[in-house]
Amino acid sequence: MTTKKHKYFTPIMVVGSIVAVILYLIVAKLAASASRDVFMMTNPAAIQQALKANPNDEPALRGLAFQYKIAHNYTRAITTYRHLLVVDPGAVDRHYKIGMCFQRTGDTQNTVLQFRPVVQLNGMMERVSKKTLPCVQSQGNP
């Protein structure tokens, strides 16, 4: 017994297979990028090696800033996050991280200055913790 094939059956299967492969490649690329970020945050030697090869390597710079932050070296963390802003000016989360470093040093004025772009540009008000919100509001944040 023979079955009659629908004329669109084969093209639909081909397109579906292509879409599946593309989605797999996208997910694999994202997973590789995320695992490199985690590796950079936990491996200072890899950070230094990556920065020697490319001083603007974003995962390495994020890892370096994280290492400074957990070591309570907020001045260097701020400098590194600012370098990241030069590399990628649209990354609003860097302002948040700089603001958190300033907050930990007790610099309320710079904390507010760094949180403003976060609140205005990205609508990330929920990321500003309840601890820092009163300080932002007391400085007349719009």
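Summed over the stretch 52-81, the residues that are open to solvent by 30 Å² or more (accessible area, probe 1.4 Å), more than 22 Å from G106 (Cα to Cα) and free of Cβ contacts under 8 Å to residues at least 24 places away in the same chain give a count of 4.
Total residues in the stretch 118-142 satisfying the condition of being modelled with pLDDT of 55 or more and within 20 Å of A65 (Cα to Cα): the figure is 1.
Within the stretch 68-81, work out how many residues are touching a Lys or Arg at 6+ places or on another chain (Cβ under 8 Å) and either of a type outside the set (A, V, I, L, M) or not in a helix (DSSP H, G or I) (or both). Number of matching residues: 5. Residue count for the stretch 82-116, restricted to those that are part of a helix (DSSP H, G or I), surrounded by fewer than 17 Cβ atoms within 10 Å (Cβ to Cβ) and not hydrophobic (A, V, I, L, M, F, W, C): 9.
The values are calculated or read from the model by the stated rules, or taken from the named source; none is laboratory data. Everything quoted here is computed from the prediction, not taken from an experiment. Every residue, glycine among them, receives a Cβ derived from its backbone with ideal geometry; neighbour counts consider all protein chains shown. Keep in mind that these areas ignore ligands, DNA and RNA; they rest on the heavy atoms of the full protein, side chains included. Shrake-Rupley method; radii C 1.70, N 1.55, O 1.52, S 1.80 Å.
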